[in-house]
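A.B. asks: Take this structure first; my questions come after.
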Amino acid sequence: MNFSWKRNLIVLWVGVFFCSTAYSISIPFLSIFLSDELGVTNHLEIWSGISFGITFLASALIAPYWGSLADKYGRKPMLIRSGFSLAALYLINYFVHDPYVFLLVRILQGLLAGFIPAAIAMVATNTPEERTGYALSIMSTAGATGSIIGPLIGGVVSYYSGNRSAFLFSAVMVLVSALIATFFAHEQSIDPSAPRSHVRDDIREAVSNRVFITLLILGGISTFSVMILEPLIPIYLLSMGVAKSSASLSSGIVFSAVGIATVLMAPQWGRIGSRKGFGAILFIGLIGGGIGNILQFFVSGYVEFALLRFAYGLFYAGVLPSINAMIVQVTESSFRGRAFGLNQSASQLATMAGPIVGGLLGGLIPIRWVFVINGLMLLGAAVLVKSRRLEAKLSEVRHPGTSASSQ
């Protein structure tokens, strides 16, 4: 068993790393691709926003359905399905020359996505309970590492081969993820003869589990807090005096600072959480993330800003892995695929809404005040953790005879 879960962790880490890298290779060039390759000249900002957001909306709507199938047929089939589908769609993007066709492909990418949440659910379900938090923390570093490496690869490929070629690299990397899942990932046996639940019933069961719903809310807030700054940081750097010609590189470094902090600190938070409880780690992460955001109001130099983002990332690294670990603790194994499907829906909706709200706020108030709003939101989430007594309720769930759905 020990060898199996450790091997699975390594295999799925590599798969998620390649999948995350593939995504982050092409995303930074969507606007340029629409303009230079697809001929979009009017309303480019609207086209870019829709192209970015429509994928997450489609994914949020379909995720509970894929979660239901995962619980019936297994998480590995979902890995294979999403991996090969996304590889094909990235390849199709290489040949697209019409913006409306490109938009359709982006919708299909959202509808057929699900590799990363399926991998997380598979790790959560096939890892001994006492090591689940550590394993999920390790998994969080896969996405963070991919988001650091991806833009670098995309920049090099775009510079030497053109933006269109970035989709070829994305296709190859997701194909590698699919092949890894097919031949190396292992899952405990699933009984496919069991009846498959309906999404409406899954939502009703989720709503009856108050701790789980609280975790969904906290996960959505945490993801939203990251994405609200996505469109603002490059502009904020320009206001600090960073040259326009190097703004993209500087933004990449600032975003990478959080990713590097996550890679360094997430495993440590996982080990501490396994001993001290993930409710405590979640509270510390939200407090540190909230204060870190508020402090960014006061910096005026690029270097200080990057260092503060790194420090913020050291605390934030404990937030999402703790939420995932707590979802495992408050849900039955038979419901876990659906639980992570619903969690993905919350995350994708937050990913879609964050840049929209951030852009609107950036146009209404000075950007530095958005950091204050963001920090207060995370501090409010920390208060929610304490007021709902999540750690105490998790302890109750761990006791034999206590039903997670009754909490």
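The values are calculated or read from the model by the stated rules, or taken from the named source; none is laboratory data. A quick note: this is a predicted structure, and the numbers were derived from the prediction, not measured. Note that we place each Cβ from the backbone using ideal geometry, even for glycine, and neighbour counts take in every protein chain shown. Accessible surface is based on the protein model in full, side chains and every heavy atom, while ligands, DNA and RNA are left aside. Shrake-Rupley method; radii C 1.70, N 1.55, O 1.52, S 1.80 Å.
A.B. asks: Would a scan of region 61-77 turn up a residue that is aliphatic (A, V, I, L, M), open to solvent by 30 Å² or more (accessible area, probe 1.4 Å), within 25 Å of LEU152 (Cα to Cα) and assigned to a helix (DSSP H, G or I)?
C.D. replies: So far as region 61-77 goes, no, none of its residues is aliphatic (A, V, I, L, M), open to solvent by 30 Å² or more (accessible area, probe 1.4 Å), within 25 Å of LEU152 (Cα to Cα) and assigned to a helix (DSSP H, G or I).
A.B. asks: Does region 293-304 include one or more residues that are buried (at least 24 other Cβ atoms within 10 Å of the Cβ) and either β-branched (Val, Ile, Thr) or in a helix (DSSP H, G or I) (or both)?
C.D. replies: yes
A.B. asks: Then there's this: Check GLY219, GLY259 and return the single one that is modelled with pLDDT of 90 or more and either assigned to a helix (DSSP H, G or I) or of a type in the set (Asp, Glu) (or both).
C.D. replies: One residue alone meets the criteria, GLY219.
A.B. asks: Scan region 1-8 and tell me whether some residue there is over 25 Å from GLU332 (Cβ atoms), more than 22 Å from the chain's Cα centre (by Cα), at pLDDT below 90 and outside any helix (DSSP H, G or I).
C.D. replies: For region 1-8, residues over 25 Å from GLU332 (Cβ atoms), more than 22 Å from the chain's Cα centre (by Cα), at pLDDT below 90 and outside any helix (DSSP H, G or I): absent.
A.B. asks: In region 135-170, which residues are of a type in the set (S, T, N, Q) and either on the phi > 0 side of the Ramachandran plot or under 19 Å from the mean Cα position of the chain (by Cα) (or both)?
C.D. replies: Scanning region 135-170 gives SER137, SER140, THR141, THR145, SER147, SER170.
A.B. asks: Moving on. Run down ALA22, ALA88, ALA58 and say which single residue is more than 19 Å from SER345 (Cα to Cα), under 19 Å from the mean Cα position of the chain (by Cα) and of a type in the set (A, V, I, L, M, F, W, C).
C.D. replies: Result: ALA22 is the single residue among ALA22, ALA88, ALA58 that is more than 19 Å from SER345 (Cα to Cα), under 19 Å from the mean Cα position of the chain (by Cα) and of a type in the set (A, V, I, L, M, F, W, C).
A.B. asks: Moving to a separate point now. Pick from ALA124, ALA113, ALA119: which is of a type outside the set (Lys, Arg), part of a loop (DSSP other than H, G, I, E, B) and surrounded by 24 or more Cβ atoms within 10 Å (Cβ to Cβ)?
C.D. replies: Of the residues listed, the single one that is of a type outside the set (Lys, Arg), part of a loop (DSSP other than H, G, I, E, B) and surrounded by 24 or more Cβ atoms within 10 Å (Cβ to Cβ) is ALA113.
A.B. asks: Among the residues of region 145-166, write down those that are open to solvent by less than 10 Å² (accessible area, probe 1.4 Å) and within 29 Å of TRP66 (Cα to Cα).
C.D. replies: Passing the criteria: GLY146, GLY150, ALA166.
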